[in-house]
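Read the structure below first, then the notes.
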Amino acid sequence: MRIGIDLGGTKTEIACLDDDGRFLHRQRITSPRGDYAATIAAIRGLVDAAERATMRIGTVGVGIPGAIGARGRVKNANSTWLIGQPLKTDLEAALQREVRIENDANCFAVSEAVDGAAAGLPTVFGVILGTGVGGGLVVDGRVLRGCNAIAGEWGHNPLPAPRDDECPGPACYCGRRGCVETWLSGPGLARDAGRDDGHAEAVVAAMRAGDPAAQAAFTRYVDRLARALGAVINVFDPHAVVLGGGLSNVDELYAALSARLPAHVFSDTVDTAVLRHRHGDSSGVRGAAWLWPPQAAMQRA
């Protein structure tokens, strides 16, 4: 049995999968915000309850909104109470077993590459288009982490080929300006359409209703997404790009994006498939469970 945990800023979810990826158990709780010790205790409680419910012992994978740095401590986490903490070490002590931890966007990418929209494809770029913008790279079903544990973090690259009216770009929380995230997140789309409330879904509704300003903002969004993904395809050349997050549910995005991508990819054809996620909100927790491939899970069992 594989246990996956999606440790988010507002909710924490656990799921147990069998070898065929079927759910054996699921539970969701409110995350103990601002309290690191309570976070460790909550995860231990979830695992204990899951193993009692299933009467099985499982491998444990955890997805977090950040990464484990070179010194074994959490970095780049918007759940700030995790930053600088030895999360892996403390969880392994609490659970008395090895724990595998990855960025939540990496978990999304693994989920969609293993048994999701891109199942069976050798190379996959998983994209989160939501409140923030993240990404994960998967090769043969395994996460490509990189030596700094930041592989796939395209959200904090500058928007490629910026136009004069896109410079220097909006300020980003990372301290830079014009990051991909500031343009392609839900709040970024809302801001570009002139909304201060950050509600991208209202922009999409207005676009569908024929509002000229919303339609123009959506057209700019697609163009920027094509530029940003074109740069990734030129470097990584994945077999598929899988979109997740709230904006991935906009049906009009896919055909419009596929039409614009060729202008930004250094190839006479673009065979990279642009796919909608299969598992949706479940991808994070499923991907955390799949951090243990079949052979490793059997050895642990």
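The values are calculated or read from the model by the stated rules, or taken from the named source; none is laboratory data. The structure displayed is predicted, hence computed values, not measured ones. Reconstructed Cβ throughout: ideal geometry from the backbone, glycine too, with neighbour counts over all protein chains shown.
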message: modelled with pLDDT of 95 or more and in the same structural domain as Gly63 (by TED's automatic domain parsing): is that true of Ala288 in this structure?
response: yes
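Conditions tested, residue by residue: (1) in contact with a Gly (Cβ under 6 Å, 6 or more places away or on another chain); (2) part of a strand (DSSP E or B); (3) touching a residue at least 12 places away in the same chain (Cβ under 8 Å); (4) within 18 Å of Pro238 (Cβ to Cβ).
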residue: Phe108; (1), (2), (3), (4): yes, no, yes, yes
residue: Asn148; (1), (2), (3), (4): no, no, yes, no
residue: Ala161; (1), (2), (3), (4): no, no, yes, no
residue: Gly169; (1), (2), (3), (4): yes, no, yes, no
residue: Gly175; (1), (2), (3), (4): no, no, no, no
Residue count for the range 179-197, restricted to those that are part of a loop (DSSP other than H, G, I, E, B) and closer than 15 Å to Asp223 by Cβ: 1
Residue that is modelled with the highest pLDDT, among those in the range 36-69 that are in a loop (DSSP other than H, G, I, E, B) and buried (at least 18 other Cβ atoms within 10 Å of the Cβ): Gly58
- prompt: Among the residues of the range 22-35, which ones are farther than 14 Å from Thr59 by Cβ and surrounded by fewer than 18 Cβ atoms within 10 Å (Cβ to Cβ)?
  reply: Arg22, Phe23, Arg26, Gln27, Arg28, Ile29, Thr30, Pro32, Arg33, Gly34, Asp35
statement: Among helices (runs of 4 or more DSSP H) entirely inside the range 198-269, those with 2 or more residues being surrounded by 20 or more Cβ atoms within 10 Å (Cβ to Cβ) are 200-208, 212-236
